[in-house]
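What follows is one structure encoded as structure tokens, with my remarks underneath.
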């Protein structure tokens, strides 16, 4: 047998170190039917954290989808209104009526339905300016909503005997009527 002295460090060679570790071997319990079922159920069902995460992700996605739908509906409804506001900013005296739900706009060249020839001079001047700005506003609205300039010419050629006229494109419908005493009344509505 070797002694400790045999393994001591020499000048030329370092002494080897020997370690022996005791490893304990764990004995596994044999699987029983109950432990197998329990392990299967645990693997089959996702953890609560995973389920909670999925619920949160689904909720966020549903909320984003609802927000998108509502936003598109509001945008579609307000597009006609925004064009009407731009027209009103450019033609300050134009007479504009907007529906409560922004679904239609009416432009009326004689909103008071008065014969301006029988009015005092200063009122007649205001009514003439309203009528001119409203006609310019009709041309503006027709252009911004994607209608041709021929539509404006059709409107100017309308007589009271023609009744209500209608024109439409992919997104909007325009109807108008003319009466010598009441002027030209144009309704813009979204489809």
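Just so you know, all these numbers are worked out from the coordinates, no wet-lab data involved. Just so it is clear, the structure is predicted and the values come from calculations on it, not from any experiment. All Cβ positions, glycine included, derive from the backbone under ideal geometry; neighbour counts span all protein chains shown.
Please rank 185, 153, fewest neighbouring Cβ atoms within 10 Å first, as an exposure proxy. If you can, show how the numbers build up before the last one.
Working: 185 21, 153 9.
The fewest-first ordering by Cβ neighbours comes to 153, 185.
Can you tell me, using C-alpha contacts under 8 Å and at least 6 residues apart, the relative contact order of the stretch 67-190 as a whole percent?
Numbers: 177 pairs, mean separation 33.4, N = 124.
For the stretch 67-190, the relative contact order is 27 percent.
Using only alpha carbon pairs under 8 Å that are at least six residues apart, calculate the relative contact order of the stretch 85-145 and give it in whole percent.
41
Order the peptides 86-92, 173-179, 64-70, 132-138 from the highest to the lowest mean number of other Cβ atoms within 10 Å of their residues.
On the way: 86-92: 15.7, 173-179: 17.6, 64-70: 10.0, 132-138: 20.9.
Ranked by mean Cβ neighbours within 10 Å, highest first: 132-138, 173-179, 86-92, 64-70.
Counting C-alpha atoms alone, how compact is the stretch 67-190: give Rg to one decimal and Dmax as a whole number, in angstrom.
Calculated on Cα positions, Rg and Dmax stand at 15.3, 55 Å.
Return the whole-Å distance between the Cα centroid of the stretch 54-68 and the Cα centroid of the stretch 75-108.
34
Would you list 158, 78 from fewest to most Cβ contacts within 10 Å? If you can, show how the numbers build up before the last one.
Working: 158 16, 78 13.
Sorted ascending by nearby Cβ count, the order is 78, 158.
Each label point is 7 Å from the Cα along the Cα-to-Cβ direction; what then is the distance between the points at residue 82 and residue 98, in nm?
1.2
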